[in-house]
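See structure below.
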Amino acid sequence: MNKNNILPPEEIEAQQAYIARMRRDNDAYLAEHGTRRGAFVLTFGCQQNEADSEKLAGLSEAMGYTVVDCPEAADLIVVNTCAIREHAEQKALSIVGQYKHLKTKNPSLVIAVCGCMVTQEHRKDDIKFRYPYVDFVFGTSSIHRFPQLLCEKLAKGKRLYCPEETEYLVAEGLPIRRESSYRAWVSIMYGCNNFCSYCIVPYVRGRERSREMGPIVEEVRELVAKGYKDITLLGQNVNSYGKDSGYPYDFADLLAELDKIEGDFYLRFMTSHPKDASRKLIDVMAASEHIARHFHLPMQSGSDKILKAMNRHYDTARYLDIVSYMREKMPDVTITSDIIVGFPGESEEDFEGTLNMLRTVGFDMLYSFIYSPRKGTPAAEMEQVPREIQNARFDRLLALQGEIAKAKNQPLVGKPLRVLCDGVSKNNPALYSGRTEGNKIAFFEGAPEDTGKFVDFVADRADAFAFYGKKI
Ligand code: SAH
Ligand code: SF4
Ligand code: F3S
């Protein structure tokens, strides 16, 4: 077995000394003030980032901080950033800007910025020159060094810009402070090798590297034993799991192994790449007990010309082939996707191709995005589609998908569904909300004890985004 992409355990042990040092300091603070220092972790971006933030929060707790849920109550703020689109970067920069006044009020406040955005040199420079009150900055390869960086910053008092590691490795054994007691993220591989021509991820997350099967199985087993009901395996290209590391098993083998764990829970995974959506994987899903019948399979475009320009390594025929095999094996499977509108060179005909694919496949749900040029990626240098055209196409896509999703949801009205309850709905406080096996939202009149449990539900109506009904 190849262990070359696993961080040597000594490196994690070295962090323990820094954790212990911070812990002593924070315990002394507790003895003096009767309360612990607070740490606030703010997360932008995808589930992978949320999973990383749970490690940053876990490390903060190990260092003797109380994790708090507002920046005003914090003595340490960590902003975990995203770089996927311009909007994500602007939001993070704007929040970091707002923290300046907190630092004025509390000069001992420590502010750190980490994650994908600041793994780019030009953004690291932005922080350096435009946000002088930010204390330290570190990229995605340095998460496990957070305790060391914090200690060094506090000891030296100077601002720190962690140099990027040239090697991106898998760090096992970091403490995790999970946000939920019934839904969990489990990162199984990191990084991406695909270099889709629009995407920044391979530049800010390094090459693919997979965890070994053993620790993953152990982690999922522990979660199930603790009562977790919905466990999502994460990776940028989750179904290429294992390929990078020369393991004698692949993603389908891992799923089959995890499916053997006994208990009442759903297993999910994201995000899959169509090039790695093998029949073996679909067969394992179809035969499984625990794997939710939901496949998120980003298509990005329904034009073969654009898919080629995106460097996606499949065409629409291949995509349709996967979809029909999935539906053959799992007639009730929920299929969701990501679409980029207005990629450079997208003509009206190309866009019509995307709309046609939406009609042909009939996606249950789409995450659609207007193309955003990312510095350093090939597509940023291509001829851009004017903003007005992008916007108009985006609206047409949403309108069509709205009709499709609404029609897809109708046959489920009146049928019993199993819903994992998330408690009182944030958008609709009069109701409780939960998620179906297909990860669709359901609203109903619930009770506090439903939270974190499966409830039997029947919908009396559905729109494009949700089901509305009652507990059975
Ligand atoms: N690794 C996953 C997710 C990547 S980011 C995958 O391969 O699908 C999530 C989605 O953001 C992508 O699927 C894509 O639709 C979108 N995206 C990525 N880069 C983008 C860009 N530059 N502009 C607009 N959308 C983008
Ligand atoms: Fe980005 Fe493509 Fe990798 Fe997904 S597969 S993270 S879209 S480069
Ligand atoms: Fe954003 Fe990084 Fe995820 S760029 S989408 S947080 S991998």
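What the table shows:
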| item | result |
| --- | --- |
| Enumeration of residues in the stretch 367-408 that are under 30 Å from Lys453 (Cα atoms), touching an Asp or Glu at 6+ places or on another chain (Cβ under 8 Å) and either assigned by TED's automatic domain parsing to the domain that holds Asp460 or open to solvent by 30 Å² or more (accessible area, probe 1.4 Å) (or both) | Tyr367, Lys406, Lys408 |
| All positions within the stretch 194-253 that are assigned to a helix (DSSP H, G or I), of a type outside the set (Val, Ile, Thr) and within 16 Å of ligand 2 (Cβ to nearest atom) | Pro202, Tyr203, Arg205, Asn239, Ser240, Lys243, Asp244, Phe251 |
| Pair list, Cβ under 8 Å, 6 or more apart: the stretch 407-436 residue in a loop (DSSP other than H, G, I, E, B), other residue open to solvent by 60 Å² or more (accessible area, probe 1.4 Å) and of a type in the set (Asp, Glu) | Val413/Asp460; Gly414/Asp460; Leu431/Glu445 |
| Matching residues in the stretch 441-472 - criterion: being modelled with pLDDT of 95 or more, over 20 Å from His294 (Cβ atoms) and in a loop (DSSP other than H, G, I, E, B) | Glu445, Gly446, Ala447, Thr451 |
| Test: Ala51 is at pLDDT 95 or above, within 16 Å of ligand 3 (Cβ to nearest atom), under 15 Å from Val137 (Cβ atoms) and crowded, with 18+ Cβ neighbours inside 10 Å | no |
| Answer from Gly58, Gly34 - the residue that is more than 16 Å from ligand 3 (Cβ to nearest atom), over 17 Å from Val186 (Cα atoms) and of a type outside the set (A, V, I, L, M) | Gly34 |
| Pair list, Cβ < 7 Å and 6+ apart or interchain, from the stretch 20-39 residues that are at negative phi to residues that are surrounded by fewer than 11 Cβ atoms within 10 Å (Cβ to Cβ) and assigned to a helix (DSSP H, G or I) | none |
| Candidate set: the stretch 188-204, residues that are surrounded by 22 or more Cβ atoms within 10 Å (Cβ to Cβ) and not hydrophobic (A, V, I, L, M, F, W, C); chosen: the one farthest from ligand 3 (Cβ to nearest atom) | Tyr198 |
| Verdict on Gly362 being under 22 Å from the mean Cα position of the chain (by Cα) and on the phi > 0 side of the Ramachandran plot | no |
| Hits in the stretch 244-286 - residues which are under 20 Å from the mean Cα position of the chain (by Cα), among the hydroxyl-bearing types (Ser, Thr, Tyr) and farther than 24 Å from Val170 by Cα | Tyr266 |
| Cβ pairs under 9 Å, 6+ apart, first in the stretch 311-339 and over 25 Å from Pro411 (Cα atoms), second charged (D, E, K, R) and within 14 Å of ligand 1 (Cβ to nearest atom) | Arg312/Lys275; His313/Lys275; Tyr314/Lys275; Arg318/Lys275 |
| Any chance Pro416 is in contact with a strand residue (DSSP E or B) (Cβ under 8 Å, 6 or more places away or on another chain), under 30 Å from Ala286 (Cα atoms), surrounded by fewer than 15 Cβ atoms within 10 Å (Cβ to Cβ) and at pLDDT 95 or above | yes |
| Flag if Asp230 is among the acidic types (Asp, Glu) and open to solvent by less than 30 Å² (accessible area, probe 1.4 Å) | yes |
| Flag for Met63 being farther than 28 Å from Thr232 by Cβ, touching a residue at least 60 places away in the same chain (Cβ under 8 Å) and open to solvent by less than 30 Å² (accessible area, probe 1.4 Å) | no |
| Verdict on Tyr314 being outside any loop (DSSP other than H, G, I, E, B) and touching a helix residue (DSSP H, G or I) at 6+ places or on another chain (Cβ under 8 Å) | no |
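Every residue, every condition in (1) among the basic types (Lys, Arg); (2) in contact with a Leu (Cβ under 9 Å, 6 or more places away or on another chain); (3) open to solvent by 30 Å² or more (accessible area, probe 1.4 Å), yes or no:
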{"position": "Asp244", "(1), (2), (3)": "no, no, yes"}
{"position": "Asp250", "(1), (2), (3)": "no, yes, yes"}
{"position": "Lys260", "(1), (2), (3)": "yes, no, yes"}
{"position": "Gly263", "(1), (2), (3)": "no, no, yes"}
{"position": "Tyr266", "(1), (2), (3)": "no, yes, no"}
{"position": "Phe269", "(1), (2), (3)": "no, yes, no"}
{"position": "His273", "(1), (2), (3)": "no, yes, no"}
{"position": "Asp276", "(1), (2), (3)": "no, no, no"}
{"position": "Lys280", "(1), (2), (3)": "yes, no, yes"}
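The values are calculated or read from the model by the stated rules, or taken from the named source; none is laboratory data. Just so we're clear, the structure is a prediction, and the values are computed from it rather than from any experiment. Ideal geometry is used to build each Cβ from the backbone, glycine not excepted, and the neighbour counts take in all protein chains shown. Protein only, heavy atoms only, side chains kept; ligands, DNA and RNA dropped before computing areas. Shrake-Rupley method; radii C 1.70, N 1.55, O 1.52, S 1.80 Å.
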